[in-house]
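Note sheet for the following structure.
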Amino acid sequence: MAELRKTALFPAHEKYKGKVVDYAGWALPVQFEGIVAEHEAVRNAAGLFDVSHMGEVEIKGAQAGEYVQNLVTNDVSVLNDNQILYTFMCYPHGGIVDDLLVYKFTNNHYFLVINAGNVEKDYTWMEDNVGTYDIEMRNLSDDVSELALQGPKAQEILQELTDTDLSEIGFFYCKRDVNIAGANCLISRTGYTGEDGFEIYLDHKDAEAVWDKIMEAGQEKGIKAAGLGARDTLRFEATLPLYGNELGEDITPLEAGFGMFVKLNKASFIGKEALEKQKEEGLKRKIVGFEMEENGIPRHGYDVLSNGKNIGLVTTGYFSPTLKKNIGLAMVDIEHSELGTPLEIQIRKKALKAKVVSKKFYSKNYKK
């Protein structure tokens, strides 16, 4: 078995007694104190995550903007300098290569953040679609550490370590060359939890020291080191999708419920024709939220039934620490997607009652 890759923060995981697991080939902490405690810290105070496994790609050149615009479903042309957007890369058939963040530094300089498990596949896809665009592209994934500080006290904590006025960084905006505890960082007001917070990109050599300084600054404000377990329960409550669960090469952004990030009025992008056709013909299936009416925890991959007939699959399911309910997301046939529709979830040998509810399980607390 190949040895797991370790981030520059691996010593911090050991120091803070993280329970390390294999995640997409990386040795990462699934939890420190416990998933529920970490989840609640992010909702009420702050949590600090190591997300250095994420991939980063830099695109520069006279046609950088045109190239990225053709690559993704959202409209890059509306971005101001140092603004960010969420988007998808799609295959010609409309299925999803990956979901990603596009940072626009200038008209000729972009920075893309992609999913850890997809870095190689994504970069190959980007290279394969360069065509005649006048650009230079670099995969920076091995050179960048990334921390995510999330929660209502994130700004207050981080402000203690920098002279930059963090209140001036708007939601889905970034700032480069920010000095945090002596380290040069790119920081953005983004995250994957439904709370306010920052993602911090920096050199490997500075990562552990900055981690320690943030934990120190937040100690009296309730900060906790947080692992992948809480990252998943937090993103799920806020209906933020995960590649391999709600997103994949056989799922389109429209089926996943993210049509707002697909701008069909753009001149062209890879997958546009297939997505136009799907919109025109109407969806045959889509992702819905559901709530268990009988006691059982739904899990990724469980069958969804209607009167004993299989009509879909659970994409994510949990006991929600915030709502104190068993809830989930599922891909179901379109005729079973209306709010209030009764469903059954096959949990081991029992088909337990559930019903379709709004996917807005939790109201996001972003600073806009």
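In the stretch 207-224, the residues that are on the phi > 0 side of the Ramachandran plot reach residues that are part of a helix (DSSP H, G or I) and of a type outside the set (D, E, K, R) with C-beta atoms within less than 9 angstrom, at least six apart or across chains, in these pairs: Gly222/Ala41; Gly222/Asn44. Note on the stretch 270-296: residues that are touching a residue at least 60 places away in the same chain (Cβ under 8 Å), on the phi < 0 side of the Ramachandran plot, part of a loop (DSSP other than H, G, I, E, B) and out of contact with any Leu (no Cβ under 7 Å at 6 or more places or on another chain) total 1. On inspection, Gly301 qualifies as modelled with pLDDT of 95 or more, among the small types (Gly, Ala, Ser) and loosely packed, with under 13 Cβ neighbours inside 10 Å. With respect to (1) within 19 Å of the chain's Cα centre (by Cα); (2) surrounded by fewer than 21 Cβ atoms within 10 Å (Cβ to Cβ), the lone exception for Glu14 is condition (1).
Looking only at the stretch 51-73, which residues are in a loop (DSSP other than H, G, I, E, B) and either closer than 30 Å to Val30 by Cβ or touching a His at 6+ places or on another chain (Cβ under 9 Å) (or both)? Listed by number, the residues that qualify are Val51, Ser52, His53, Met54, Gly61. Tell me, yes or no, whether the stretch 97-111 has at least one residue that is among the polar types (S, T, N, Q), touching a helix residue (DSSP H, G or I) at 6+ places or on another chain (Cβ under 9 Å), more than 22 Å from Lys205 (Cα to Cα) and assigned to a strand (DSSP E or B). Yes, the stretch 97-111 contains a residue that is among the polar types (S, T, N, Q), touching a helix residue (DSSP H, G or I) at 6+ places or on another chain (Cβ under 9 Å), more than 22 Å from Lys205 (Cα to Cα) and assigned to a strand (DSSP E or B). Please determine, by comparing only the residues of the stretch 224-259 that are assigned to a strand (DSSP E or B) and open to solvent by less than 20 Å² (accessible area, probe 1.4 Å), which one is nearest to Gly317 (Cα to Cα). Within the stretch 224-259, the match that is nearest to Gly317 (Cα to Cα) is Leu247. Applying a threshold of 6 Å to beta carbon distances and a minimum spacing of six or more residues, or different chains, the list of pairs starting in the stretch 81-110 at a residue that is farther than 14 Å from Gly271 by Cα and ending at one that is charged (D, E, K, R) and surrounded by 18 or more Cβ atoms within 10 Å (Cβ to Cβ) reads Gln83/Lys104; Tyr110/Lys104.
Would you mind stating whether Ser363 is closer than 24 Å to Phe258 by Cβ, surrounded by fewer than 13 Cβ atoms within 10 Å (Cβ to Cβ), modelled with pLDDT under 95 and not basic (Lys, Arg)? Yes, satisfied. Note on the stretch 260-284: among residues that are touching a helix residue (DSSP H, G or I) at 6+ places or on another chain (Cβ under 7 Å) and buried (at least 18 other Cβ atoms within 10 Å of the Cβ), the one that is nearest to Asn129 (Cα to Cα) is Ile270. Here the strands (runs of 3 or more DSSP E) wholly within the stretch 309-353 that include at least 2 residues being under 12 Å from Gly289 (Cβ atoms) are 309-320, 325-333.
Being in contact with a Pro (Cβ under 8 Å, 6 or more places away or on another chain), farther than 25 Å from Gly244 by Cα and part of a helix (DSSP H, G or I) is true for just one of His39, His13. Which residue is that? After ruling out the rest, the residue left standing is His13.
Residues that are among the polar types (S, T, N, Q), out of contact with any strand residue (DSSP E or B) (no Cβ under 8 Å at 6 or more places or on another chain) and open to solvent by 20 Å² or more (accessible area, probe 1.4 Å) do not occur anywhere in the stretch 79-96. Among the residues of the stretch 202-214, those identified as within 16 Å of Gln155 (Cα to Cα) and within 23 Å of the chain's Cα centre (by Cα) are Val210, Trp211, Ile214.
The values are calculated or read from the model by the stated rules, or taken from the named source; none is laboratory data. Quick caveat, the model's predicted, so the values are computed rather than measured. Note that we place each Cβ from the backbone using ideal geometry, even for glycine, and neighbour counts take in every protein chain shown. Remember, those area values only see protein heavy atoms, side chains included, never the ligands or the DNA or RNA. Shrake-Rupley method; radii C 1.70, N 1.55, O 1.52, S 1.80 Å.
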